[in-house]
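To start, the structure under review is shown below, and the notes come after it.
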Amino acid sequence: MKRVLLALALIGVAFGGANAQVTDLTGGVFIAHYVPEITNSEPPDGWCGQYDVLYAIADHSEQNNRIDTATYQWSAWYVLSGFCEDKQFCGCQFGVGQIPPYIWGFDTGSTQACWPPVAAPSGLELPSGGWPGAGEGTALTSTSGPWDGNYLAVYLMTGYAYGYGYSGIVPLDVNGQTGSGGWTNCEGVPVEFMPAAYGGMGINTDGTYVQPECGGPPPGACCFPDGTCLVIPQMDCVDPGVWYGGPCDPNPCPPPTGACCFEDGSCLEMIEGDCFAAGGILWLGPLTTCNPNPCPPPLGACCFEDGSCLVLPEGDCFAAGGTLWIPFGVCSPNPCPPPPDPSVCCVGSDCFIVYSESECIGMGGDWYPDDTTCDPNPCPPTPADSPSWGSIKALYR
């Protein structure tokens, strides 16, 4: 059974005469490509015929391997044979791998092979017993001429994509019947070529992106400072990207660092999970830095001379006239020392209640610590207020 592709090619029509370059199928890939414009009503020239007229892609970057739906929808997507340059092949085989539950169901009535786009396309198909389905596969050989090009439709997959909170990938894979996959060229004695990679159709998630190998190293994961991952050629992964290689699913990239703020106002750059595990109270987001320090200053209990309390940053405390700042302190219960006993400050004959000698001196007055009230006014009258002084002034008139 493993030689089914070669056998199909031998019983089909051999279309020789091609040069070695177009018959060397090394580096090819199977691509899953979704076309949202296709509806569940087959046009006269068929969905496969419409690929070459309306939906053909010219580069691997044009592949669309994601279907999004909140509930469910009938969808159609092509299986493409992708090569770096125009190739010719007369047979191919592939399959579908294991599909996560609840994301996709095949429409067996409209899933179909896509033969080469000629006037009267025809071919032979040898599917496995459960095709199309997970773990199944099919083998094709054309009897009307070779597939000729570099991004060629070989199959149309149809079915229902389901949402309802589910997501996953419908992976292309080897033919489950034969354990193999790839293409045979059109030589008199066909030669088999294995694919460099299999793509996959994503349902409510990105699918498996693949591209043909063009003689250089295969593309791989390129990681960026914000934690994103792109599958690109290594030569294109330039600063600030860091080359990891391999796939992006699961994401191999380290999570981004950011400014982590602590209760004391200090700042450290670390990943979000480590920030809170280390006692951080605020993570300012990916790629934020600690220079200059973006963290809010710490709060504390600010005590005023009259014994009142407000929760303020240290600088705001003293700017507002606070006399004591208690780091991280709260005002309930009030931690501030009670105010000192009131005393009298006499500025001339004017009486003021103060709480310290320094306060009175700052007012330019005389401090009377034993007096505690201005009612009655204990301050001595100034000479201008004294009757005797008035008599003295009258003598000099």
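Points to keep in mind about this one:
- Within segment 338-354, the set of residues being in contact with a strand residue (DSSP E or B) (Cβ under 7 Å, 6 or more places away or on another chain) and either within 21 Å of PRO298 (Cα to Cα) or in a loop (DSSP other than H, G, I, E, B) (or both) comprises PRO342 only.
- Contact annotation: residue pairs with Cβ atoms under 9 Å, 6 or more positions apart or on different chains, pairing a residue in segment 66-84 that is more than 21 Å from SER41 (Cα to Cα) with a partner that is among the acidic types (Asp, Glu) and outside any strand (DSSP E or B), are ARG66/ASP206; CYS84/GLU213.
- Subset of segment 23-48 (residues that are open to solvent by 30 Å² or more (accessible area, probe 1.4 Å) and more than 35 Å from the chain's Cα centre (by Cα)): ASP24, SER41, GLU42, PRO44, ASP45
- Among the residues of segment 297-311, those that are of a type in the set (A, V, I, L, M) and buried (at least 18 other Cβ atoms within 10 Å of the Cβ) comprise LEU299, ALA301.
- For segment 172-197, the set of residues classified as in contact with a strand residue (DSSP E or B) (Cβ under 8 Å, 6 or more places away or on another chain) and in a loop (DSSP other than H, G, I, E, B) consists of VAL174, GLY176, GLN177, THR178, GLY181, ASN185, CYS186, PRO190, VAL191, MET194, PRO195, ALA196, listed by residue number.
- ILE169 satisfies every condition listed in (1) part of a strand (DSSP E or B); (2) more than 26 Å from ASP68 (Cα to Cα) except (2).
- Restricting segment 355-384 to residues that are among the polar types (S, T, N, Q) and loosely packed, with under 13 Cβ neighbours inside 10 Å, the residue that is nearest to ASP341 (Cα to Cα) is THR372.
- Matching residues in segment 186-231 - criterion: being at positive phi, surrounded by fewer than 16 Cβ atoms within 10 Å (Cβ to Cβ) and either without any contact (Cβ under 8 Å) to a residue 24 or more places away in the chain or in contact with a Ser or Thr (Cβ under 8 Å, 6 or more places away or on another chain) (or both): none
- Unmet requirement for GLN98, which otherwise passes all of (1) surrounded by fewer than 16 Cβ atoms within 10 Å (Cβ to Cβ); (2) modelled with pLDDT under 95: (2)
- Residues being at pLDDT 90 or above and small (Gly, Ala, Ser) - total across segment 349-361: 1
- Checking segment 312-332 against the condition returns a match, with at least one residue being surrounded by 14 or more Cβ atoms within 10 Å (Cβ to Cβ), modelled with pLDDT of 90 or more, charged (D, E, K, R) and assigned to a helix (DSSP H, G or I).
- Evaluated against (1) more than 28 Å from TYR166 (Cα to Cα); (2) assigned to a loop (DSSP other than H, G, I, E, B); (3) modelled with pLDDT of 95 or more, CYS92 falls short on exactly one condition, (2).
- The residue that is surrounded by the fewest Cβ atoms within 10 Å (Cβ to Cβ), among those in segment 59-90 that are under 15 Å from TRP115 (Cα atoms) and of a type in the set (S, T, N, Q), is GLN88.
- Residue that is least open to solvent (accessible area, probe 1.4 Å) [pool: residues in segment 106-125 that are over 19 Å from PRO195 (Cα atoms) and in a strand (DSSP E or B)]: GLY123
- Scanning segment 333-348 for residues that are farther than 21 Å from TYR368 by Cβ and open to solvent by less than 60 Å² (accessible area, probe 1.4 Å) returns PRO335, CYS336.
- Qualifying residue in segment 157-171 (condition: open to solvent by less than 50 Å² (accessible area, probe 1.4 Å), touching a residue at least 60 places away in the same chain (Cβ under 8 Å) and in contact with a helix residue (DSSP H, G or I) (Cβ under 7 Å, 6 or more places away or on another chain)): no
- The residue that is nearest to VAL330 (Cα to Cα), counting only those in segment 236-261 that are in contact with a Gly (Cβ under 8 Å, 6 or more places away or on another chain) and open to solvent by 30 Å² or more (accessible area, probe 1.4 Å), is PRO255.
- Segment 267-296, subset open to solvent by 80 Å² or more (accessible area, probe 1.4 Å) and assigned to a loop (DSSP other than H, G, I, E, B), residue farthest from CYS331 (Cα to Cα): LEU287
The values are calculated or read from the model by the stated rules, or taken from the named source; none is laboratory data. None of these values were measured; they are calculated from a predicted model. All Cβ positions, even for glycine, are placed from backbone atoms using ideal geometry, and neighbour counts span all protein chains on display. When the accessible area is computed, the model is the full protein with side chains, heavy atoms only, and any ligands, DNA or RNA have been set aside. Shrake-Rupley method; radii C 1.70, N 1.55, O 1.52, S 1.80 Å.
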